[in-house]
Structure formats: C-alpha cells, structure tokens
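What follows is a single structure, written as structure tokens, with notes after it.
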Amino acid sequence: MGKKIVAFGEIVWDILPHGKVLGGTPSNLVFRCNSFGEEGHLLSRVGDDDLGNEALDKLKELDISDRNVQLDTEFPTGEVYVSFDESGESRYKVKEDVAFDHIEFTPESLKLVRDADCLFFGLLPQRYGLSKNTIRELIRESPDSIHFFDLKLFEHFFDANVVIHFLSSAHIVRIKEKEIAFLANELKVGYSETEDFVQSISKRFNIDLVIVTRGNGGVLAYHKDEGIVSEAAYKVEMKDNIGSGMAFSAGFLHCYLNGKNLEESLRFGNAAGALNATKTGATAYFNKNDVLEFMKSAGRFA
C-alpha cells in the first residue's frame, strides 16, 4: 500500500489558448502521486453545473477518486484563464468566489486527514473564509501528518497574515525562486542570496524543510538539521511547464515519505518535474520507471 497523501484545494478548468483542460494544483498532485504508486486523495468542491459534471467525469478518466469532492448548488465550478509570457512561463487569472472557495469541514474530511501521511495545501483556497477555516481545522486535526504548504502566488490574492499563519503550520514549504523577492518584501525578510532567505524563513517560522524550485537553476533546499542541499537542473526541450511543480512535489514526496534521504528525494522530484516539462499539460502519464530512465539519459546543467 502506498503512502496516503491528501491534497486540499481547487479543482478548476484551465482555459488555454487551444481549449480547456482540467487543472488545479491538488488534482495535478494527486494524479502524479498515484502514478508513482502512492495513495492520493483529493479533497475539493465543484459546482452542480455542466463544468462540475465534466470535471467529475474527467477525474474518473484520470483514475482520481471523487469520493471526497463536494458538490455545490450555489457556487460555480472554478475556472482559470491561462496565458504564457515571452519566456514560456504560464500566467493565471482565476475566477473568484467559486465552489472550491467553499469546501466544508465534514466528518468524512476529518477521517481522511487523521491517518494521512501527508496533508498538502496551497494558498489559493485561502481567499475566502469557509475553505480557509476548513484547512485550518484539518491541520489541527492531523498532528501526525506532514503538512506540505505549496506557496505558489496568484496575482489577485495575497494576504501576508494568511501566509504567515500557514508558514507557521507547515513542516515543508515549496517556493518558486522568482517569487522570493515579493515574499521577502511582504514578510519583511532581509536577504542577499536565496540561501539566506530559506534559512531565515525556516528559523523564523520553525519549518523543517524549505524547498525552492529554480527552473533552469534546478532545486535548492534548506533543512533545519541538514543545512543547504541543491540539485542541478536537467536539460530538456520544454513543451510547457504546466504541472511541473506538482510533478516535482509528487516525486519528492514519493521518495521522502518512503524513507529516502533528502538528496535522493530532491533528485527524483527534480527529474519528475523536468520530464513533465517535456509533455503537454499536467496529466500526460508517466510512472516511476519512466523518471528513472529519464535520469539515466538526460543531461544536466553544470
């Protein structure tokens, strides 16, 4: 039996230039965790509408259980409008006040997290009170789980007090390097290098592990006991980077939760994220063996 990883948050339809695809950080993570042999669970909410029904059908197609996906009769299914800048980086405009903003705390969700190996959550579902309060309760009710905070920023939503609360609640935090300058300013963290920032964040908020994904710069992490660990990036021909962060996180958790050391876990996650970037979208299938083969053949930056 794989490790039980519960991902809390948004299910959305990503509206891309070529059409729509099912997305959302938690569903992408669960898809990848399952592909690596873990037991991924999605805790979310969709509207009782056409897009919601399509989303449930797509989850079944992706072999993601909808058992803990709530149905909302008032608020619509989430949508995200995706565009790309000149460097190929994706940009997101997220529709506000939708079903995933109103995930309820239920006996089923409580049971789900109490025996989870990892509870994963991001910033976007903290926009409104109901989902924000639900994840706070779930964190309190899962003291034996690893709490993984994916601190991905969104242009229309940032609340420093919310971020501080969840940093203080997390064992592991993932941050994009390009967002550090903004975070440092908002959180009033002085730093000169990325290494300074991750150490400051770890010590200030008592976080076990801070991970920074750096694109072509690879991955850098600071563990409160092991110090700085880094991994060079793989050289790939990128199709798009949608879902690469979640491929990294799923690959990392696959190794880390199964007793691999930090360096091995970062290396596998790094490769999984790179392999994902050679695919189109977040749910092109590949498994653990595919990642291992990629690691043997792909070149890396110095």
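Grab the Cα-Cα distance for A284 and E137, subtract it from 0.36 nm times how many residues apart they are, and report the gain in nm with one decimal.
Length gained between A284 and E137: 49.6 nm.
Given labels modelled 7 Å from the Cα in the Cβ direction, how far is it in nm from K20 to I228?
4.6 nm
For E96, E237, E141, what's the fewest-to-most ordering of other Cβ within 10 Å of each Cβ?
If I rank by nearby Cβ atoms, fewest first, I get E237, E96, E141.
Based on alpha-carbon centroids, what's the gap between segment 147-196 and segment 233-254 in Å, whole number please?
20 Å
Going down the list K20/K95; K20/K58; K95/K239, which pairs span over 20 Å between their C-alpha atoms?
K95/K239
Towards the positive end of the charge dipole of the chain, with charges on Cβ (+1 Lys, Arg; -1 Asp, Glu), say which of L153, L124, Y234 has the farthest Cα.
Checked the options; the winner is Y234.
FRET efficiency for F154 and N216, Cβ-Cβ distance as r, R0 = 22 Å, nearest 0.05?
The pair F154/N216 has a calculated efficiency of 0.45.
Amide H neighbours of G218 under 5 Å, at least 5 residues apart or on other chains, H built in the peptide plane: list them.
A233
Can you put T106, T77, T134, T194 in order, fewest other beta carbons within 10 Å first?
If I rank by nearby Cβ atoms, fewest first, I get T106, T194, T134, T77.
Could you work out the relative contact order of the chain? I mean the mean sequence separation of Cα pairs under 8 Å and 6+ apart, divided by the number of residues, in percent.
15 percent
Please order L119, L167 by the number of other Cβ within 10 Å, starting at the fewest.
Sorted ascending by nearby Cβ count, the order is L167, L119.
About the Cα centre of the chain, how large is the charge dipole given +1 on each Lys and Arg Cβ and -1 on each Asp and Glu Cβ? Please answer in debye to the nearest 20.
Computed about the Cα centre, the dipole is about 740 debye.
For the chain, what does the alpha-carbon gyration tensor say about shape, rounded, prolate or oblate, given a ≥ b ≥ c as the root eigenvalues, a/c under 1.5 as rounded, and a/b over b/c as prolate?
Rounded, since a/c falls under 1.5.
List, in the order given, every pair from K176/K224; K132/K152; K60/K288; K60/K260; K4/K260; K60/K279 whose Cα-Cα distance in the structure shown is over 23 Å.
K60/K260
Mind checking the dipole of segment 30-166: about its Cα centre, +1 per Lys or Arg Cβ, -1 per Asp or Glu Cβ, Debye to the nearest 20?
400 debye
Taken together, the values in this text are just the output of simple stated rules run on the coordinates, not laboratory data. Nothing here was measured: the structure is a model prediction, and the numbers come from that model. For neighbour counting, all protein chains shown are included, and Cβ atoms are generated from backbone atoms with ideal geometry for every residue, glycine included.
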